[in-house]
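S.K.: Below is the structure I would like to discuss, written out as structure tokens.
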Amino acid sequence: MGLRSNDPSTDIHKRRRVMAFVALATMAITVVITLAGLALHPYVILVSSAAIALIVAGVVLIITTRGATRVLGIAIAVSGIVAWVWMLVDGDAIKFMIVLAAGAAIATVSALLALRPRPYRPPAQEARTPRKPFILMNQRSGGGKVTKFELDDKARAAGAEVAYLEPDTDVEAALREAIADGADLLGAAGGDGTQALVAQIAVEHDLPIVCIPAGTRNHFALDLGLDRKDPSRALDALGEDGEEILIDLGWAEDRAFVNNVSLGAYAEIVARPEYRDAKFTTVMTVLPEVTDPSARSGFIVEADGEPRIEDPQLVQVANNPYAGADEPAPAGTRPRLDTGELGVDIVAYTNTTQLGDLVAQALAGTTIRSKAYHSWTGPRVRISSRDGVVRAGVDGEAVEFQSPLEISIAPATLRVRVPKERPGPKVGWPRLHRRIVIRLWDIMLGRRDAADAIEDASPSAVG
């Protein structure tokens, strides 16, 4: 299979260049008007300019940050608005002040649009359209999305064979039988656990998969950039409107995972049989037990080049790292699925002070800098348990492994067929800084693809 460029269209580049031009032109005009106003109304224009600068700074913080920093942005914007309104008492300068405010607003919005990063899209693979797709559908998953969106009928109309998942269905046997009958693509309409089982068999037979987000949360579909609101759109991948991408697949021993493996607090919670029907009550019941600083998980985490960590309260190993607080992507999402590395996040605290500091930083949405938090990327990690059993949540499913548990990643092994027209992974707003004029200038002249497309994801916050 060959690679095909999957860059955004020329129209997107043109729009970014236009926005960069508008931002720079508005900035220049606003500066000229400010200088003219200073000559006529020096005190009023000087103070009103400072007030507008506060408003702009506050609005930018409100849009591009969260937590305590966003609250600070609200305070700064309000103080700027109060100062600006107060200055309006000078009637001779009202026109100048209104023009300054309008110029600042246009420049800010244009700059944000020009600099907003585009979602990363893996290169598309040259691949033939599947002739005999086979799709498993869980009619109970996601509150009945299969029925609600008529996924079974639409899949059959697209040429796929559909089989329903029943409580006693042997998923592996069903998939292997379909392959024996000539299936050249495997798919699932269900949650991440089902997607992982399909992926495991597909990789074994070098077949592509299609992910239909019919589960409750669909983290895998989110990071693939699929439309989770309308899962039927994923079926476009079955025809000429589909393309194939190549991504990584995580392995917990011989079990594949598409999202993550969680140990400690989360694994203990999902292991409770009552969790499926009473999630909130179960979390509230179990959490105090597993988060007490004196509690010992019995785990030992080891990886080449990283410190040995004993008795962590929480371990999360992701198939590709989650976005950090300082990255232009929402927390809990993976900007890329083809970095070839696991994202490892560990929480290990020894007292309530460390726990409180950690929680405060997490809630503030800032980069976590705590002795209780460890994060790295790498190809593999080893987790041992003192009692000989490692209990984990693998893509939300409770699983027990014999100690030690080896978790690794297989780069570029999972073939995924996706619609060419898809929303793409979510991205946030850019951080505006002192080099904004240079960046806008480069974009306007076409020297760079606007705003650093997300290509260098690294974990710096718990996903």
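The values are calculated or read from the model by the stated rules, or taken from the named source; none is laboratory data. Model, not experiment: these values are computed from the prediction. Cβ: placed from backbone, ideal geometry, glycine included. Neighbour counts: every protein chain shown. Quick note on the areas: whole protein, heavy atoms, side chains included, nothing else; ligands and nucleic acids left out. Shrake-Rupley method; radii C 1.70, N 1.55, O 1.52, S 1.80 Å.
S.K.: Enter the Cα centre distance for the pair the range 367-423 and the range 157-224, rounded to the nearest angstrom.
M.R.: Cα centroid of the range 367-423 versus Cα centroid of the range 157-224: 21 Å apart.
S.K.: For the range 167-264, give the percent of accessible area contributed by carbon and sulfur heavy atoms, probe 1.4 Å, rounded to a whole number.
M.R.: The computed percentage sits at 44.
S.K.: Among T129, F149, A104, whose Cα sits farthest toward the positive end of the charge dipole of the range 72-188 (+1 at Cβ of Lys/Arg, -1 at Cβ of Asp/Glu, about the Cα centre)?
M.R.: Of the listed residues, the answer is A104.
S.K.: Let me ask something additional. About the Cα centre of the range 96-140, what is the dipole size in debye to 20, counting +1 per Lys and Arg Cβ and -1 per Asp and Glu Cβ, all else neutral?
M.R.: Its charge dipole is roughly 440 debye.
S.K.: Among R439, R140, what's the order by accessible area (1.4 angstrom probe), most exposed first?
M.R.: Accessible-area ranking of R439, R140, largest first: R140, R439.
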